[in-house]
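The values are calculated or read from the model by the stated rules, or taken from the named source; none is laboratory data. The model shown is predicted, which means the values in this text are computed figures rather than measured ones. Please note: Cβ atoms are built from the backbone with ideal geometry, for glycine as well, and neighbour counts cover all protein chains shown.
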Amino acid sequence: MGWALLFIAPATIGLVALYLWPFLSTLIKSFQDVPAFGPATFTGVDNYTELLGDGEVWQAFGNSALYTAIVLLGIPLAVVLAALIEQAGRGRTVYRVLFFLPVVTLPVAIGMVWRFIYNGDFGLFNYVLSWFGIDGQYWVADPRFTIYAFAAVGIWMGLGINLIILGAGLQAIPKAVYEASALDGAGRVRQFFHITVPLLSPSIFFVTILTVIAALQMFDLIFIMLRSVNNTALADSKTIVYLFYEKAFVQFQQGYGAAIAIVLLIVIMIATALQFRLQRSWVFYG
Amino acid sequence: MKHTWTAALAVAATLLTACSSGSGSSGEAAPAEKVTLTYANWSEDQAPAMEQIAAEFQKENPNIAVKVQTLPWPEYWSTLQVGAAGGTAPDAFWMLADHFREYAKGGALIDLSDTVKSTGIDMTAYPKAVSDSYTYEGKIFGLPKDFDTNGIWYNKALFDAAGVKYPDDTWGWPQVQEAAKKLTDPAKGVWGIAAPIDAQGGYYNTILQAGGSIIKPGGTASDFAGPEAVAGLKFWADLQKAGSSPTLKQLSDTEAVSMFENQKVAMYFSGAYWAFRFHNNADLKGKVDVAPLPQGVKRATVTSGIGNAGYAGSKHPEELKKFLAFLGGTKAAEIQAATGTVLPAYKGTQQPWLDSMPEFKLQTFIDAIEYGVPLPVAGNTAEWQGLAAQYLAPAWDGAKPVEEAAAEYQTAVDEVLAKQ
Amino acid sequence: MAERRRTWPVHLLLVIASVIMVVPFVWQILTLFKTTSEVSRIPPTILPQEFSLHAFETFFSTVPFWSMFAVSTGSLVLRVVGQVAVAALAGYAFARLPFPGRNALFGLFLAMLMVPSQLFLIGQYGLIRDFGLLDTLPALAIPGMFSAFGTFLMRQAFMNMPPDYEEAARLDGANPFQVFWHVMLPMAKPTLAALTVLTGLYSWNDLLWPLIVSPSGENRPLPVGLAGLQGQFGTDYPTLMAGAFVCSIPLVIVFLVLQRQFFRGIASSGLKG
């Protein structure tokens, strides 16, 4: 008991001082009008009612949801690629290293490189599209496309980590299972759907949870690719965390910003709980 | 694993010493002791001049050291705000008119009214439009550092190539529209003008030139939907419609000033603060000059300037006031002028600036003070200005009539103003 | 494998995918040798027409690379060491040492994982300020040292270990710390590596926090310098690409050398989830 306290003390003190307390003070602020300087005034649920009628907030939630939904498409892609890498024999490590490169690159750097690639006039992406006779777009300057453009980068960035986690899951599947089904005459594609996917489902589930939490909190890309330049697409492309940042740190409305953040937290918790509920129907614990 | 523990102990030791030294130094403030002031800005271009000013100040005040720090622009305001709210802002820092009111209202700025009186600073030496921007409820919270008015930056080579006469003070709106059209050459990827959604260099000026106002007197309502304001906004929407400017999307990918530097646009309405950058750009040697903004119903340009302000929570208020007074004085102005970085606010110190870049008709910007109008501020200016792109873009794109977009923007701005 | 299968279709697909992964980096490297006017040419040139190194010159004359590199590295080491120590201790207690309210407390740790990190900024800033740590290296590292993520990861690791060794040690008269130190911790090495790698990544990449806790502009890490570069050189793409390249390359090298540890570490974080 005494030992347990000793072990737990540093983490708990840190948690309370650096996470729990800041969280609670944000929670309190969400019920206040907080000017940039000077005392706050208690305003009850005003921030929350204002938020419900604020088109900007709804749009930001919509953008975050869309971004998350698209980034989730990266998971089936990662499952297929992980399975392919598993079969690649020699050269496996080379593939893993290549797919992992974006993970070890500074997000700021990634944002810069992709902003350049997405440039509507002289960007590489439109140039490649032109080889196939496809008309280019202003990917990060046209609000119709920004979220999709970000999501593509999001998938690209996250693939490396997902592949490693899924790869580890694949290696844990006993080879005998495959051998038995091969004797039954199952082809590679059938094996993939009947053995790999079900037996890998716990890892897929884990990756899904991580992806959703991270995607709902997307901030860096938009900050680097849109805010630092005078971009008119920004107005329609804000994600929810970006909006929080803008309200709390740029526009002197910490109370309102806090309320946005609290609502986001509730959304994340609901999404996570939902996934845990849903996993019963598709995750297979052998 | 042994290393882990040794290192963890080292961390703990660092923490402890850091804490104790931190609390130790804050208590002592003997007057004879050397104090250090911090001075924040957001411009790498101007940082050397700021260093020079700081060095000059230290020569006169050996007991006060000044540390110049440059923050990246996108993070400048969030960093300053967190610092000011948390009691640790830099002692002195650059301020802008549209952020000033929130800081002054919140009591975050040091009151300089007495310093101005006791050191005999002549407030009339600054352009009134700028010094007024840093006055709140009759108190002076900032001294003008520089000022800027707007002009037409133009690329002579592109004008020559298209056989168009250079802009001059006889130009009105129609001349700009015509020239922009003639200068545009899609085959070469050249446009006559850059027409972004830019308040300070762009539509504020044309609204004023049309005889409009941006904020109604009293500061509780805006005036974007009035016929004059609509005319001023239309000026830009028309340029877009005629194809004389890169589209908004192109200007989002590549900012207007970069388009101008890359010689893709022939005209760019903007401030004096670009002179130094254009001057240093080897590709633009001998190709760039500046002319007054065109006349609408009348002549007008927005005037503003950076102010030097101090933090109310500074540990060394007396030294800080001394430094701010120095920043507002002639010597600091002369250093800025001589290095060519910006147009100093102090009257009579501008000649070295003009001389430092003789290839541009920089006198244009000084002459424009006569018809300069202060940058409009009201309520939470940063907030309602942030809404402009969203509401005005459909007008620029041609998706909505200008009248409609302007009316919607006005409603949104008034909502923000009503919150005060 | 019972029968030897053809692997060339597998390789074909993987090579296509790898090319897509790597193209942005290749493009970045090609661009940084071009001149500013060449990069805005339509259509773009693939190889640099006139090989130029001005981008590197501009970058190194603008950004104090080495001092920022030192800050990035120093704060990374501090943060990793702190996080590993704090998390291993707490994770072990949560997994193996019963105490009243254990589950509730752990629930609290878990809940904090779901809170967007930006939400803690103001409170954390206040604490760092009150301890007089602003502008110091520890300020950059401290919040990350106490991230609940590490505790969560370490708990998972300890939970999955067979209890036999522990009991044997205890019967030999070892106290809980000795058990933890001599028996359990060595077995948790893969997870420790995972935590090191992940914490190191977060630390190296952090942008917003370093800006806020360094009001005087001292002790700023590489991402801050890089972000500043963009403000200053808006569309001077060669310089931006050079900056992005130079600031990213240290971690990429570390990764190439220690890739096995990176992979094993990250894999172990997922396996037991």
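Output the residues belonging to segment A:243-286 that are surrounded by fewer than 24 Cβ atoms within 10 Å (Cβ to Cβ), in a helix (DSSP H, G or I) and among the hydroxyl-bearing types (S, T, Y).
Listed by number, the residues that qualify are A:T272, A:S281.
Conditions tested, residue by residue: (1) more than 22 Å from A:A78 (Cα to Cα); (2) crowded, with 18+ Cβ neighbours inside 10 Å; (3) more than 8 Å from every other protein chain (Cβ to nearest Cβ); (4) of a type in the set (A, V, I, L, M).
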position: C:V10; (1), (2), (3), (4): no, yes, no, yes
position: C:F25; (1), (2), (3), (4): no, yes, no, no
position: C:P44; (1), (2), (3), (4): yes, yes, no, no
position: C:F51; (1), (2), (3), (4): yes, no, yes, no
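Residue under question is B:A242, and the condition is that it be among the hydrophobic types (A, V, I, L, M, F, W, C) and surrounded by fewer than 19 Cβ atoms within 10 Å (Cβ to Cβ); does it hold?
On the way: among the hydrophobic types (A, V, I, L, M, F, W, C): yes; surrounded by fewer than 19 Cβ atoms within 10 Å (Cβ to Cβ): yes.
So B:A242 fits the description; yes.
Take segment A:166-201 and flag every residue that is at pLDDT below 85, assigned to a loop (DSSP other than H, G, I, E, B) and either facing chain C (nearest Cβ under 8 Å) or surrounded by 16 or more Cβ atoms within 10 Å (Cβ to Cβ) (or both).
Selection gives A:A186 alone.
Only one of B:E359, B:E370, B:E318 is in a loop (DSSP other than H, G, I, E, B) and away from chain A (no Cβ under 14 Å); which?
Numbers: B:E370 fails: in a loop (DSSP other than H, G, I, E, B); B:E318 fails: in a loop (DSSP other than H, G, I, E, B).
Answer to the check: B:E359.
The rows are residues; the columns are (1) modelled with pLDDT of 90 or more; (2) within 30 Å of B:E33 (Cβ to Cβ); (3) of a type in the set (F, W, Y).
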{"position": "B:L320", "(1), (2), (3)": "yes, yes, no"}
{"position": "B:A325", "(1), (2), (3)": "yes, yes, no"}
{"position": "B:T339", "(1), (2), (3)": "no, no, no"}
{"position": "B:T364", "(1), (2), (3)": "yes, no, no"}
{"position": "B:V377", "(1), (2), (3)": "no, no, no"}
{"position": "B:Q390", "(1), (2), (3)": "no, no, no"}
{"position": "B:E403", "(1), (2), (3)": "yes, no, no"}
{"position": "B:T411", "(1), (2), (3)": "yes, no, no"}
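Would you pick out the residues in segment C:104-140 that are under 14 Å from A:W21 (Cα atoms), in a helix (DSSP H, G or I) and of a type in the set (A, V, I, L, M)?
C:L108, C:A111, C:M112, C:L119, C:L121, C:I122, C:L127, C:I128
Each row is one residue, and each column tells you yes or no for (1) touching an Asp or Glu at 6+ places or on another chain (Cβ under 8 Å); (2) of a type in the set (F, W, Y); (3) surrounded by 23 or more Cβ atoms within 10 Å (Cβ to Cβ).
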residue: B:Q263; (1), (2), (3): yes, no, no
residue: B:Y268; (1), (2), (3): no, yes, yes
residue: B:R277; (1), (2), (3): yes, no, no
residue: B:Q295; (1), (2), (3): no, no, no
residue: B:V302; (1), (2), (3): no, no, yes
residue: B:G305; (1), (2), (3): yes, no, yes
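Where residues in segment B:45-64 are closer than 29 Å to B:G106 by Cα and within 12 Å of another protein chain (Cβ to nearest Cβ), which of them is surrounded by the fewest Cβ atoms within 10 Å (Cβ to Cβ)?
That would be B:A47.
Please state which one of B:T341, B:T330 is crowded, with 17+ Cβ neighbours inside 10 Å and not aliphatic (A, V, I, L, M). Please lay out each step first, then the result.
Working: B:T330 fails: crowded, with 17+ Cβ neighbours inside 10 Å.
When all the criteria are applied, what remains is B:T341.
Within segment C:19-67, which residues are among the hydrophobic types (A, V, I, L, M, F, W, C) and not in a helix (DSSP H, G or I)?
First, pick out the residues of segment C:19-67 that are among the hydrophobic types (A, V, I, L, M, F, W, C): C:19-23, C:25-27, C:29-30, C:32-33, C:39, C:42, C:46-47, C:51, C:53, C:55-56, C:59-60, C:63, C:65-66.
Of everything in segment C:19-67, those that are among the hydrophobic types (A, V, I, L, M, F, W, C) and not in a helix (DSSP H, G or I) turn out to be C:L32, C:F33, C:I42, C:I46, C:L47, C:F51, C:L53, C:V63.
Could you please find all residues in segment C:189-213 being more than 12 Å from chain B (Cβ to nearest Cβ) and touching a Leu at 6+ places or on another chain (Cβ under 7 Å)?
Matches in segment C:189-213: C:T191, C:A194, C:G200, C:S203, C:W204, C:N205.
I want to confirm something. Restricting to segment B:74-113 and keeping residues that are assigned to a loop (DSSP other than H, G, I, E, B) and either more than 8 Å from every other protein chain (Cβ to nearest Cβ) or under 15 Å from the mean Cα position of the chain (by Cα) (or both), which single residue is nearest to A:M225 (Cα to Cα)? It would help to see each step written out before you state the result.
So the first thing to find is which residues in segment B:74-113 are assigned to a loop (DSSP other than H, G, I, E, B), and the list is B:86-91, B:96, B:106-108, B:110-112.
Going one step further and asking which of them are either more than 8 Å from every other protein chain (Cβ to nearest Cβ) or under 15 Å from the mean Cα position of the chain (by Cα) (or both), we end up with B:91, B:96, B:110-112.
Details: B:D91: 32, B:L96: 25, B:I110: 36, B:D111: 39, B:L112: 40 Å.
In this case the residue turns out to be B:L96.
All but one of (1) more than 27 Å from A:D142 (Cα to Cα); (2) without any contact (Cβ under 8 Å) to a residue 60 or more places away in the chain; (3) at the interface with chain C (Cβ under 9 Å from one of its Cβ atoms) hold for A:P39; state the number of the condition that does not hold.
(3) is the only condition that A:P39 fails.
Scan segment C:90-110 for residues that are within 8 Å of chain A (Cβ to nearest Cβ), of a type in the set (A, V, I, L, M) and surrounded by fewer than 23 Cβ atoms within 10 Å (Cβ to Cβ) and report the count.
Counting residues in segment C:90-110 that are within 8 Å of chain A (Cβ to nearest Cβ), of a type in the set (A, V, I, L, M) and surrounded by fewer than 23 Cβ atoms within 10 Å (Cβ to Cβ) gives 3.
For segment B:294-324, how many residues meet the condition of being more than 23 Å from B:I366 (Cα to Cα), among the aliphatic types (A, V, I, L, M) and under 21 Å from the mean Cα position of the chain (by Cα)?
Within segment B:294-324, the first condition is being more than 23 Å from B:I366 (Cα to Cα), and the residues that meet it are B:309-324.
Subsequent filtering for residues that are among the aliphatic types (A, V, I, L, M) retains B:309, B:312, B:320, B:324.
Checking the rest, the ones that are also under 21 Å from the mean Cα position of the chain (by Cα) come to B:309, B:324.
Count: 2.
Does C:G144 satisfy the condition of being over 16 Å from the mean Cα position of the chain (by Cα) and not hydroxyl-bearing (S, T, Y)? I'd like the intermediate steps shown before the answer.
On the way: over 16 Å from the mean Cα position of the chain (by Cα): no; not hydroxyl-bearing (S, T, Y): yes.
Judged against the criteria, C:G144 is not a match.
What number of residues within segment B:249-282 are more than 13 Å from chain A (Cβ to nearest Cβ) and of a type in the set (D, E, K, R)?
Number of matching residues: 2.
Can you name the condition, by its number, that C:M154 falls short on among (1) more than 30 Å from B:V68 (Cα to Cα); (2) away from chain B (no Cβ under 14 Å)?
(2)
For segment B:114-125, enumerate the residues that are free of Cβ contacts under 8 Å to residues at least 60 places away in the same chain and assigned to a loop (DSSP other than H, G, I, E, B).
B:G120, B:D122
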